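Computed from the coordinates by the stated procedures, all read-outs in this text should not be read as laboratory data. Keep in mind that what you see is a predicted model, and the values were worked out from it rather than measured. Cβ placement follows ideal geometry from the backbone for every residue including glycine, while neighbour counts extend to all protein chains displayed.
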Amino acid sequence: MQPGEKFYEGKAKILYATEDPTLVIQYFKDDATAFNAQKRGTIIDKGICNNRISSALFAYLEGRGVRTHFVRQLDERSMLVKRLTIVPLEVTIRNITAGGMAKLLGIEEGIALKPPVFEWHYKSDALGDPLINDDHILAMGWASAEELAHIRAESFKINEALKAFFNERQLDLVDFKLEFGRVVTASGKPSAQIVLGDEISPDTMRLWEHGTRRKLDKDRFRRDLGSVEEAYQEVLRRVLGQPLPAPR
Ligand code: C5P
């Protein structure tokens with residue numbers, strides 16, 4: 001792969017090769033999709049917000065002992081990350097009912113979940129990321145029992161750290177999605193080391209404002225709630241710890 005070559009383009013991000021075969025550039029676009037890409041749009045400056053929010057959250061988690069692919073933020077839309085072979089699983093942790101779980105079980109949104117609910121989903125757009133359990137993963141050979149235990153423990157550690165982080169910023173962490181991958185070595189082969197990859201942003205988590213329960217995440221786009229750009233900017237402002245605007 002040539003340095004600068006685009007080798008992957010997803011719905012919200014592009015990956016570019018660097019001179020180092022173990023490092024890639026992750027570039028954040030403004031493109032937004034929902035409902036398995038049936039709904040498409042653009043959220044102005046989303047890429048800037050998500051890059052800055054993800055960079056801050058990865059750095060925060062690293063400081064809390066969570067190993068991630070994050071190396072450093074490069075510019076307003078890109079970060080340098082370790083090259084991973086992504087495990088084809090999506091982890092969801094839910095602290096409050098919403099979205100997929102409310103639909104699956106026919107329950108209302110907004111019910112506190114104690115303990116939090118952990119879900120595995122098979123990463124497949126064509127199938128709509130179906131809910132699966134450990135046995136599906138082991139039988140398909142997507143990860144070993146030890147790797148599943150590691151990912152599960154890391155995910156709960158991340159949940160506790162992020163809940164505390166957002167709580168200080170007057171936001172409830174309702175739920176979020178994580179992806180993990182195996183760190184690729186200089187020879188191009190995946191190692192045994194599994195770290196947190198992808199992004200952590202309002203595209204991949206639900207955040208509700210304390211008290212008002214105002215949604216500050218991609219649900220504003222999915223459900224046509226308006227003020228989408230403002231929500232991403234508001235999360236960025238709170239993540240960076242700048243003073244909140246006076247209440248209206
Ligand atoms: O839709 P659902 O309720 O299952 O989503 C749970 C969480 O995972 C939400 O925060 C959502 O934004 C995120 N998610 C994601 N990518 C997906 C599916 C869900 O980031 N493919």
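Some notes on this structure:
- Under 5 Å between amide hydrogens, built in the peptide plane, is the criterion, and for Phe180 it picks out Val87, Leu89, Gly197 among residues at least 5 positions away or on other chains.
- Equivalent ellipsoid semi-axes - Cα gyration tensor, segment 60-177, angstrom: 23, 22, 14
- Unit charges on C-beta of K, R, D, E only; dipole of segment 25-151, Debye: 380 debye
- Dipole of the chain, positive end: most advanced residue of Leu240, Ala139, Pro202 [Cβ charges, Cα centre]: Leu240
- Kirkwood hydrodynamic radius of the chain, from the reciprocal of the average inverse Cα-Cα distance over all distinct pairs: 18.7 Å.
- For the chain, a Gaussian network of Cα nodes joined below 10 Å ranks Ile86, Ile48, Ile132 by mean-square fluctuation, and the top entry is Ile132.
- Here is the list for segment 1-36: chymotrypsin sites (Phe, Trp or Tyr not before Pro) lying in DSSP coil, each with at most 16 other C-beta atoms within 10 angstrom of its C-beta, are Phe35.
- The chain, relative contact order [Cα under 8 Å, separation at least 6], %: 18 percent
- Counting only Cα atoms, the size of segment 110-237 along its three principal axes is 46, 35, 32 Å, in decreasing order.
- Computed E for Asp134/Lys114 - FRET, C-beta separation, R0 30 angstrom, nearest 0.05: 0.85
- With θ taken as phi - 60° and the Karplus curve 6.51 cos²θ - 1.76 cosθ + 1.60 applied, the whole-hertz 3J(HN,Hα) list for segment 92-97 is 10, 10, 10, 9, 9, 5 Hz, x standing for glycine and proline.
- Amide H to amide H, with H built 1.01 Å from N, Thr42 comes under 5 Å of Ala32, counting only residues 5 or more places away or on other chains.
- Three semi-axes of the equivalent ellipsoid, segment 6-84, Cα gyration tensor, whole Å, largest first: 22, 16, 11
- Rounded to the nearest 20 debye, the dipole magnitude of the chain is 380 debye, with +1 charges on Lys and Arg beta carbons, -1 on Asp and Glu beta carbons, and the Cα centre as origin.
- Database remark: amide H of Val174 closer than 5 angstrom to the amide H of Arg206, Leu207, Trp208 (H placed geometrically; neighbours at sequence offset of 5 or more, or on other chains; Pro and chain starts carry no H).
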